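A.B. asks: What follows is a structure written as structure tokens; I'll ask about it next.
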Amino acid sequence: MDTSNDLKGVWVFGDYRNYFQNRVTLQLIAKARDLADKLNTKVIALALGDRVHQWAMEYVAHGVDIVLAAEHPDLKSYQVETYCSVVAPWVEAFQPQIFLAGATSFGREFFPRLAKRLHTGLSADCVALEVDTETGLLLQTTPGFGGELLAEIVTPDHRPQMATVHPGVFQERPHNSEAVGRILYPDVDVVPETRVKLIRSKRQQTRQIKLEEAPVVVVGGRGLGSREQFESLFELAELLEGEVGATRPVIGSGWTEKERLLGQTGKTVKPKLLVSIGASGAVQYTTGILGSETIVAINRDPQAPIFNMADLGLVGDANTLLPLLIEALRKRI
Amino acid sequence: MNIAVCIKQVPDVPSIRMDRERMTIIRDGVESVINPLDYVALQAALDLRDRQGGEVVVVTMGPPQSEEALREAVAAGADRAILLTGPAFSGADTLATSHVLAAAISKLDPFPDLVLCGTQTTDSDTAHVGPQMAEELNLPQVCGVNEIHVEEDYLTVKRLSDGFVETLQVSLPALLTVTQELCSVGHLPFGDLEVAFSEREITQWGLKDLELKEEEVGLRGSATQVWKLSAPPPKREGDLVSGSPQILVDHFIRKLEDLSILDEEDGYK
């Protein structure tokens, strides 16, 4: 069967090292499906590693038409140069139109080097992707200047059109075990990077924080004034069966762990309810909460930009209101 | 150890303006600072040089006013500074920018043992230029480094990558991009301003010095184009309530009921 035409479609780099990367890959597959349907082409996912069959099956179940797989002991650890030695020749041979990767640590280190080798354009950490109906070009929306503006980037003449995508902006499709797809193992010539050696890799020891899945997220900002005040958010979050998030100044002050950071350099959440307390609403933060179904904001300053995006804004002092809210909720639950 | 540090002068975010015709950011006339993570890279380079010997060369591509950033770096202790400037360089994406910077690094004599950059800049936040230079210079790369230890003829570095703490050995020459955690720099000492502003020459290299063609650099050498610039998505039209704490708490509780997060209480006032 001649697959060469099918392989020219929309490619997604399969990044599966941990739960978070696994999810962003599935989100990208869903988006790639939309784009491919509009362009009347196929979705192709890449799976590289020492054993990748289970990932290839997972990608098919989430909507991929073809998986390009490579199994080799040297592909076991995520190494930029080694991965380039496999993926760059594939791109040159099969000529995809579009190539997407999650903006994970690895994606953001691997894709720039790959794009340079392929001499093509790359946009970083996109928050939206669309096809321009007139030109068929991929419109890649990326925040600039700390989110002060959004730029739509295009790659008019170079191929593939490459982009890394912010985790959490697209919704993955449900797992469909009936789905049918092909898994191909093209010839590979793995060239291991010998100049960089991974000596040790240890999973970072942190408490599991699943902000992205919490139905309610309570976010604290600098306006809380102290670590003690920030910690009282945990009580409120617990009463609402939610999780606690934080803005960059809070992380900078060391009031809580980095994993709670929301916004452009942190996580994107889409809870049923987001309660923002003592955060003025800098765009770096609000880009991470735009998808929330309902936003309730508490801030002392009626002019605070956070009120522009709140469904309910309460003008008041966070530290006065917080104990009262906790008390009122205790009475009700 | 000879180290090249690539820095970028970034505009002060609140005062940015756009060239609507060319759809690029106008950098002239906007107050500018050295990109914060590039400060970290510079400080690390100066520390390494002080312990290992060698020299620190600072390189930047930008309009003539970027010379200020280089002067600041020289005042902090850099040995040499090179400004890559010329009208052809403007409007560059990361592909074209890394091409010019890589051409300049290749021209350095001696070729540096280590190239350091901040992981990303505050203006465009791509984190592309470091790895793209490494590719063009055929150097090994490690991005997001937060610890550097010098061994005999290699470096041991640490970083956090996707939830894993990684320890890596990198042979030299190499390119590293560094994060805020590398060292707490704060503000660099002003250093010897007289040295910075009078004695030391800032070398300037243009298109011809780098033996590049116009179509390889700037807007023409870029693979990406800005199609449209826009402000972030539309605002929500919500209710803004002020009043006594009790009124605010009541509104909050009522909202929770509306969303069925709290069950509606019988006879709630």
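The values are calculated or read from the model by the stated rules, or taken from the named source; none is laboratory data. As the structure is a prediction and not an experimental result, all values here were calculated from the model. Every residue, glycine among them, receives a Cβ derived from its backbone with ideal geometry; neighbour counts consider all protein chains shown.
A.B. asks: Can you tell me how many residues within the stretch A:256-279 are in contact with a Pro (Cβ under 9 Å, 6 or more places away or on another chain) and either without any contact (Cβ under 8 Å) to a residue 40 or more places away in the chain or not polar (S, T, N, Q) (or both)? Spell out the reasoning first.
C.D. replies: Quick first cut of the stretch A:256-279, residues in contact with a Pro (Cβ under 9 Å, 6 or more places away or on another chain) only: A:264, A:267-268, A:271-273, A:279.
Imposing the further condition that a residue be either without any contact (Cβ under 8 Å) to a residue 40 or more places away in the chain or not polar (S, T, N, Q) (or both) reduces the set to A:267, A:271-273, A:279.
Qualifying residue count, the stretch A:256-279: 5.
A.B. asks: Quick check on the stretch A:115-123. Is at least one of its residues hydroxyl-bearing (S, T, Y) and more than 7 Å from chain B (Cβ to nearest Cβ)?
C.D. replies: Scanning the stretch A:115-123, I find no residue that is hydroxyl-bearing (S, T, Y) and more than 7 Å from chain B (Cβ to nearest Cβ), so the answer is no.
A.B. asks: Could you grab me the full set of residues in the stretch A:269-283 that are within 10 Å of chain B (Cβ to nearest Cβ) and either surrounded by fewer than 19 Cβ atoms within 10 Å (Cβ to Cβ) or under 19 Å from B:L248 (Cβ atoms) (or both)?
C.D. replies: Listed by number, the residues that qualify are A:K272, A:L273, A:V275.
A.B. asks: Only one residue in B:L172, B:L207 is surrounded by 15 or more Cβ atoms within 10 Å (Cβ to Cβ), out of contact with any helix residue (DSSP H, G or I) (no Cβ under 9 Å at 6 or more places or on another chain) and either modelled with pLDDT of 95 or more or at the interface with chain A (Cβ under 8 Å from one of its Cβ atoms) (or both). Which one? If you could, list the steps in order and put the result at the bottom.
C.D. replies: Working: B:L207 fails: out of contact with any helix residue (DSSP H, G or I) (no Cβ under 9 Å at 6 or more places or on another chain).
It is B:L172.
A.B. asks: From the set of residues in the stretch B:130-167 that are without any contact (Cβ under 8 Å) to a residue 12 or more places away in the chain, assigned to a loop (DSSP other than H, G, I, E, B) and at the interface with chain A (Cβ under 7 Å from one of its Cβ atoms), which is farthest from B:D38 (Cα to Cα)?
C.D. replies: B:G163
A.B. asks: Could you list all residues from the stretch A:291-326 that are at the interface with chain B (Cβ under 7 Å from one of its Cβ atoms) and in a loop (DSSP other than H, G, I, E, B)?
C.D. replies: Within the stretch A:291-326, A:P302, A:A310, A:D311, A:G316 qualify.
A.B. asks: With B:T94, B:T126, B:T122 as the choices, which residue is within 16 Å of A:G144 (Cα to Cα) and surrounded by 24 or more Cβ atoms within 10 Å (Cβ to Cβ)?
C.D. replies: After ruling out the rest, the residue left standing is B:T94.
A.B. asks: Every residue in the stretch A:199-242 that is within 17 Å of A:L329 (Cβ to Cβ), in contact (Cβ under 8 Å) with a residue 40 or more places away in the chain, under 26 Å from the mean Cα position of the chain (by Cα) and in a helix (DSSP H, G or I), please.
C.D. replies: A:L233
A.B. asks: Just to check your reading of the model, which residue among A:G245, A:G288, A:G252, A:G266 is surrounded by fewer than 21 Cβ atoms within 10 Å (Cβ to Cβ) and more than 8 Å from chain B (Cβ to nearest Cβ)?
C.D. replies: Criteria check complete, one pass: A:G252.
A.B. asks: Quick check on the stretch A:127-142. Is at least one of its residues facing another protein chain (nearest Cβ under 7 Å), out of contact with any Cys (no Cβ under 7 Å at 6 or more places or on another chain), in contact (Cβ under 8 Å) with a residue 12 or more places away in the chain and surrounded by fewer than 21 Cβ atoms within 10 Å (Cβ to Cβ)?
C.D. replies: Yes: the stretch A:127-142 contains one or more residues that are facing another protein chain (nearest Cβ under 7 Å), out of contact with any Cys (no Cβ under 7 Å at 6 or more places or on another chain), in contact (Cβ under 8 Å) with a residue 12 or more places away in the chain and surrounded by fewer than 21 Cβ atoms within 10 Å (Cβ to Cβ).
A.B. asks: From A:P73, A:P96, which residue is closer than 25 Å to B:Q141 by Cβ and surrounded by fewer than 17 Cβ atoms within 10 Å (Cβ to Cβ)?
C.D. replies: Values: A:P96 fails: surrounded by fewer than 17 Cβ atoms within 10 Å (Cβ to Cβ).
Testing whether each residue is closer than 25 Å to B:Q141 by Cβ and surrounded by fewer than 17 Cβ atoms within 10 Å (Cβ to Cβ) leaves just A:P73.
A.B. asks: May I ask you to verify whether A:F230 is touching a helix residue (DSSP H, G or I) at 6+ places or on another chain (Cβ under 6 Å) and within 30 Å of A:M57 (Cα to Cα)?
C.D. replies: Values: touching a helix residue (DSSP H, G or I) at 6+ places or on another chain (Cβ under 6 Å): yes; within 30 Å of A:M57 (Cα to Cα): no.
So A:F230 fails the test.
A.B. asks: Next question, about the same structure. Name the residues in the stretch A:21-63 that are surrounded by fewer than 19 Cβ atoms within 10 Å (Cβ to Cβ) and within 14 Å of chain B (Cβ to nearest Cβ), would you?
C.D. replies: Those that are surrounded by fewer than 19 Cβ atoms within 10 Å (Cβ to Cβ) and within 14 Å of chain B (Cβ to nearest Cβ): A:N22, A:R23.
A.B. asks: Being among the small types (G, A, S), over 24 Å from B:Q180 (Cα atoms), modelled with pLDDT of 95 or more and outside the structural domain of A:H166 (by TED's automatic domain parsing) is the requirement here; does A:A297 meet it?
C.D. replies: Taking the combined requirement at face value, the residue satisfies it.
One line per residue, one yes/no per condition, for (1) of a type in the set (S, T, N, Q); (2) outside any strand (DSSP E or B); (3) within 11 Å of another protein chain (Cβ to nearest Cβ):
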position: A:S177; (1), (2), (3): yes, yes, no
position: A:P186; (1), (2), (3): no, yes, no
position: A:D189; (1), (2), (3): no, yes, no
position: A:T194; (1), (2), (3): yes, yes, yes
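A.B. asks: From the list B:S260, B:S242, B:S222, which residue is at pLDDT below 95 and facing chain A (nearest Cβ under 8 Å)?
C.D. replies: It is B:S242.
A.B. asks: Being out of contact with any strand residue (DSSP E or B) (no Cβ under 6 Å at 6 or more places or on another chain) and in a helix (DSSP H, G or I) is the filter here, so list the residues in the stretch A:251-283 that pass it.
C.D. replies: If the condition is that a residue be out of contact with any strand residue (DSSP E or B) (no Cβ under 6 Å at 6 or more places or on another chain) and in a helix (DSSP H, G or I), then A:G252, A:K258, A:E259, A:V283 are the ones that fit.
A.B. asks: Here's something else I'd like to know. Exactly one of (1) out of contact with any helix residue (DSSP H, G or I) (no Cβ under 7 Å at 6 or more places or on another chain); (2) under 27 Å from A:A151 (Cα atoms); (3) not hydrophobic (A, V, I, L, M, F, W, C) is unmet by A:R248. Its number?
C.D. replies: It fails just one condition, (1).
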